[in-house]
Amino acid sequence: MRKTLLLSLCVLFSTMVGWAQDSGKDLGLKQLTYSDITEGMQVAFQSVSSTNPLNWFQGAVAAGDFGEVVVFTVEGTGETAADGKTLYVLRQNAAEEGAAYLQTPSAAGADVTMGPKETAAKVTFNPYGEHDHADNAKLPGEFSEEFSTRVTLQFDASTQTFLNCNSAGSIVHWGTGFGSWSYWNIYEIPA
């Protein structure tokens, strides 16, 4: 009995500190290309950097394990970016309405915040193959040019920032350059 309790507590602790991390593929989730994403789709974003492997984006921070807090709904804005791509907002399903949407940053490089729809960040989904990048710190076996995708925020027609998970894997922020922490796979979450 005592041994079972200790084992259960160990498993719980391991999950809480992020040791129990599985890729979306291991969880049986469908991986999406940027062109697969449509309004109303439920998605989750997983960093595939070797410096912060398999961290799920859950809002302002990164989570080691998959749970309800990492699921977002893609909502259309009816607008397009300067390059013609559709602009969306992302709503965190588990959050309350007033704090559910990914927010436009106060400045390039600012940490991610969540808030109301009225001030939500308008984002596009773009394949890495469209952009030059020299950083090879991708997680082996998890990254592919076909599927791995970045989320881009359009400040205006000339500025792009990217959804980045920092090297410690604990904070997500908007970065202006590529780094090993910029690699994300996107998975469809069944309704």
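The values are calculated or read from the model by the stated rules, or taken from the named source; none is laboratory data. The structure displayed is predicted, hence computed values, not measured ones. Quick reminder, even Gly has a Cβ in these numbers, built from the backbone with ideal geometry, and neighbours come from all protein chains shown. Areas reflect the complete protein model, heavy atoms only, side chains present, ligands, DNA and RNA absent. Shrake-Rupley method; radii C 1.70, N 1.55, O 1.52, S 1.80 Å.
Accessible surface area normalised per residue over the stretch 53-94 is 37 Å², counting heavy atoms of protein chains with a 1.4 Å rolling probe.
The Cα-based radius of gyration of the stretch 41-191, divided by its Kirkwood radius, gives an Rg/Rh of 0.93. For the stretch 28-121, which whole percent of the accessible surface, found with a 1.4 angstrom probe, sits on carbon and sulfur atoms? That fraction is 48 percent. Of the peptides 103-112, 87-96, 54-63, the order by per-residue mean of other Cβ atoms within 10 Å, starting with the highest, comes out as 54-63, 87-96, 103-112.
Straight-line reach from Lys138: taking Cα to Cα under 22 Å and skipping same-chain neighbours fewer than 8 places apart, the lysines in range are Lys25, Lys30.
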